[in-house]
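Q: My questions all concern the structure below.
FYI, it's all coordinate maths here, none of it is from the lab. Only a predicted model underlies this, so the values are computations on that prediction, with no experimental measurement involved.
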Amino acid sequence: MEFAQRLKGIRQSAGLSCGQLARKASISEPYLRQLENGRKKNPTGNVLKKLSAALGVTLADLLGSPLHISKGALDSAPISLKQFALKRGKTLGLRQEDLEMLKGVHYRGRQPSNVEDWELVFSFIRRILQ
């Protein structure tokens with residue numbers, strides 16, 4: 001996945017508009033839009049640090065480090081959570097410790113049953129605990 005797609009996905013999962021993230025990261029909104037559209041491809045280290053801090057993710061998450069979730073952790077996850085981790089985990093910066101935490105999420109004895117619901121739960125928890 002390209003940096004532009006990853007940046008936009010992380011921003012959206014954090015519940016921020018382009019303007020909000022630009023202000024939070026102290027960069028211009030037009031520049032952020034160019035980064036998200038792939039028209040600007042080489043942000044400086046300073047811009048990357050500002051974006052990662054504003055989004056509450058690591059530079060590795062923002063730059064797309066490989067998904068470091070063990071096969072065993074994935075195998076013991078509910079099917080829909082495993083699908084979420086494989087489909088959206090890399091984009092959203094899902095870590096093994098996040099997956100382990102999500103395995104314990106239950107509401108009235110039930111867990112989310114699809115990828116979209118797991119994404120909402122993960123995004124909500126990450127957003128309120130930043």
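Q: Taking Cα atoms of the range 71-128, Rg/Rh with Kirkwood Rh, to two decimals?
A: 0.91
Q: Tell me, what is the Rg over Rh of the range 3-63, with Rh the Kirkwood radius over Cα pairs?
A: In the range 3-63, Rg relative to Rh is 0.89.
Q: Now, a different point. How large is the translational diffusion coefficient of the chain in µm² per second when you combine the Kirkwood radius over alpha carbon pairs with Stokes-Einstein at 37 °C and 0.692 mPa s?
A: Rounded, D is 215 µm²/s.
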